[in-house]
Amino acid sequence: MNILMVENRYKTYFWDALAQQFIADGHTVRWVVQNPLFTPIHGQATVIAFPRGSNLTPLANDEVCTRTCKSDRLLNYFGGQPTHYNYYKSAIWQALDQAKPDLVIGEATLFHELLAVEWCKQHQVPFFHPSMPGYPGGRYSIYAGDSKEAIGVSTDCPTDEDCFALAEAIRKREKVPDYMRPSLPSDPGRVFPIHGSWPNRLTLIKSYLSGERFNTPSPLKKWRLDKAVKTRLARWAQISSGRFHLQAEQHYLLYPMQMQPESNLDLWGQAFRNQADLIGALAQAIPDNWKLLVKLNPKTKYELDDALLEQVMRRDNIVPVPYEVAMGELLEHVTMICTVTGTIAVEAVLSRKPLVQFGPGILSGEPGYVQLQNVECISQVIRDVESGAFPLADDAARTHLVKKLFTSTFTGLVSDPASLPSVLDPSNVQIIARNLLQVAERCE
């Protein structure tokens, strides 16, 4: 099989381990590399030179580039401009035309990866985006291109009894998502510095100074943004200390914020990626006898902006939750939960809490939630909840949902080794390489 892989900073070291396994199994591996600092060792790499001067041109009426812009974190959060898009689209598509891959593997996160996804769509070549969802843990899904459609079916599903036990563990918050575990310098097998450490920052600064200005923001701009987040967190603490009072008879709609930048929301939940606007619309849509609880993400970043603080200050029915209040403390007081694409969706259904979801996810076809296309429709859902007409998942449905979490995922760890060093364990690499190829063969 002719496989092409797309560089993604530190994730490339894991992709490269997979490439070594693919080559050992007799396959051909080629690469598209946007950042030469992360050029892989195994396979044939096309390293795209950084654009200069005349290579930077205004964005024309190009549907592919316009679509990609909407998910580009450099443009959305760091004030970047898309003048490099025409250059990179031409270079990436030329590399793909020459490689003629049967399969492309990468993330669907950075702009150059999304441009590769667009080529795959036009040429009907599968683009595999392996990624670990929050549950069931220790497993990964294979997403098709830039969608949240999990492809492939796993057969290693536990018994109904074990699935129900996991549903209960999630409901009781005895089981939490893998990504909640912090990366530590002492992690076994660590080779690369953890994200946010000074060695890691120096690597990214080196990348920026070498000319990578298209996925790597200005260190000064990033420092200013991070400093602003700290200031806003202090302001949030001040506001919430005076307004957070849970009342026993009060109806609460809970909106747990999703971290940004993150493809989970910026790509898959793109229509609702402006969380300040979404929260304002929810506050306006709920009836007078309801209040909106807003909980910050445990890894708060740029989603906490001035527009959000303004919404909280302007609307009396928004209750900001103090940062230190745990989700478990809130759920017993919550009447209904709302999310775009967050992991809370699975937790809500398994906890028998009414759920409204605006983005795609694994719950499609399952009881216990309602999928909405616009915020205004939430008023009808609230009436159903108040009247007792909202259908919650029973134990059989909860067990079925957990089984679905297993059948849509495969055993193995997928991450960058700076976050999770154990992904480079040879046994992990072998099992993931094997599963990716098996799913690809079924797609032919």
Among ASN428, ASN215, ASN374, determine the one that fluctuates most according to a GNM of the chain built with springs between C-alpha atoms less than 10 Å apart.
-> ASN374
For CYS443, CYS157, CYS163, order by how many other beta-carbon atoms lie within 10 Å, fewest first = CYS443, CYS157, CYS163
Counting each DSSP H run of 4 or more residues in the chain as -39500 (n - 2.57), what helix-only mean residue ellipticity at 222 nm follows after dividing by all residues, to the nearest 500 deg cm²/dmol?
-> -12500 deg cm²/dmol
What order, most packed first, do the peptides 34-45, 123-134 have when packing is the mean number of other Cβ atoms within 10 Å of each residue?
-> 123-134, 34-45
Residues meeting the amide H criterion for ARG30 (H placed from the backbone, H to H distance under 5 Å, 5 or more places apart or on another chain) are ILE3, LEU4, MET5, GLN44
Tell me, what ³J(HN,Hα) does each residue in segment 105-120 have, in order and in whole Hz, if you take phi through Karplus 6.51 cos²θ - 1.76 cosθ + 1.60 with θ = phi - 60° and put x for Gly and Pro?
-> 10, x, 8, 10, 10, 8, 4, 6, 5, 5, 5, 5, 4, 5, 4, 4
Quick one: how many lysine pairs in segment 238-403 have C-alpha atoms under 26 angstrom apart, if they're 8 or more apart or on different chains?
-> 6
Taking θ as phi - 60°, what are the ³J(HN,Hα) couplings along segment 185-199 by the Karplus curve (6.51, -1.76, 1.60), each to the nearest whole Hz, with x for Gly and Pro?
-> x, 8, 4, x, x, 5, 10, 9, x, 5, 4, x, 6, 5, x
Among PHE50, GLN438, ALA95, pick out the residue whose Cα is farthest towards the positive end of the charge dipole of the chain, where Lys and Arg carry +1 and Asp and Glu carry -1 on C-beta, about the Cα centre.
-> PHE50
Size of the dipole of segment 238-403 about the Cα centre, Lys and Arg at +1 and Asp and Glu at -1 on the beta carbon, nothing else charged, in debye to 20?
-> 140 debye
What is the spread of the Cα atoms of segment 357-444 along each of their three principal axes, largest first, in whole Å?
-> 55, 29, 29
Give the Rg (one decimal place) followed by the Dmax (whole number) of segment 46-132, computed from C-alpha coordinates and expressed in Å.
-> 13.0, 40
Bin width 10 Å, alpha-carbon pairs only: give the P(r) of segment 238-403 as whole percents, running from 0 to the bin holding the largest distance.
-> 10, 41, 38, 10, 0
Would you pull out the residues with amide H under 5 Å of GLN260's amide H, same chain only if 5 or more places away, H placed 1.01 Å from N?
-> LYS301, TYR302, GLU303
Student exercise, the chain dipole from Lys, Arg, Asp, Glu Cβ charges, in Debye to nearest 20 | 1360 debye
Using a Förster distance of 51 angstrom, determine the FRET efficiency expected from the C-beta separation of ARG224 and GLU161, and round it to 0.05.
-> 0.45
In Å, the Kirkwood hydrodynamic radius of the chain over pairs of distinct alpha carbons?
-> 23.2 Å
Shape call for segment 148-294, from the Cα gyration tensor axes a ≥ b ≥ c (a/c under 1.5 means rounded, otherwise prolate when a/b beats b/c, else oblate), comes out oblate
Amide proton proximity set for LEU293, modelled H, under 5 Å, gap of 5+ | LEU253, LEU254, TYR255, VAL319
Rh_Kirkwood(segment 336-386) over Cα pairs, Å, one decimal, evaluates to 10.8 Å
With no solvent and one point on each alpha carbon, what is the Debye value of log10 I(q)/I(0) for segment 161-219 at q = 0.22, 0.28 Å⁻¹?
-> -0.89, -1.07
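Bear in mind that the values in this text are calculations on the coordinates, not laboratory data. Note that the structure is predicted; figures quoted are calculated from it, not measured. Cβ sites come from the backbone with ideal geometry, for glycine too, and all protein chains shown count toward neighbours.
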